[in-house]
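Student: This is the structure I have questions about; it appears just below.
The values are calculated or read from the model by the stated rules, or taken from the named source; none is laboratory data. What you see is a predicted model; the values in this text were computed from it and never measured. Quick reminder, even Gly has a Cβ in these numbers, built from the backbone with ideal geometry, and neighbours come from all protein chains shown. Ligands, DNA and RNA are excluded from the accessible area calculation, which covers all protein heavy atoms including side chains. Shrake-Rupley method; radii C 1.70, N 1.55, O 1.52, S 1.80 Å.
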Amino acid sequence: SSSSLLLCSLFAKENLHRMSEQQLNLYDRLINEPSNDWDIYYWATGAKPTPAEFESDVMAMLREFAKNKKREQRLRQPDLEYLFEPPR
């Protein structure tokens, strides 16, 4: 879904560079294993409980991110250059 993709893209831009290898593996599993992208969005926004097999500190980070405490405008996906930037 575009909502799930947008949420995950923005989360990745802000968080991937500071995640451990274990967290990166958990994130990779989270975005690739569920059969329905909407599930990730529902779990992240708290609309549905996260199944135990996907519950982790990374899922908790994504839920926190989805709350959007800063009320940032999120009307477009971030540019993907960050995928090719050297880690800071």
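Student: For L24, work out the one condition from (1) modelled with pLDDT under 95; (2) open to solvent by 50 Å² or more (accessible area, probe 1.4 Å) it doesn't fulfil.
Tutor: (1)
Student: Go through segment 46-62 residue by residue and tally those that are open to solvent by 70 Å² or more (accessible area, probe 1.4 Å) and either on the phi > 0 side of the Ramachandran plot or touching a helix residue (DSSP H, G or I) at 6+ places or on another chain (Cβ under 6 Å) (or both).
Tutor: Total satisfying the criteria: 1.
Student: Only residues that are within 15 Å of E64 (Cβ to Cβ) and in a loop (DSSP other than H, G, I, E, B): list them for segment 10-49, please.
Tutor: Listed by number, the residues that qualify are M19, G46.
Student: So E81 clears everything in (1) at pLDDT below 85; (2) charged (D, E, K, R); (3) not in a helix (DSSP H, G or I) except one condition, right? Which one?
Tutor: (3)
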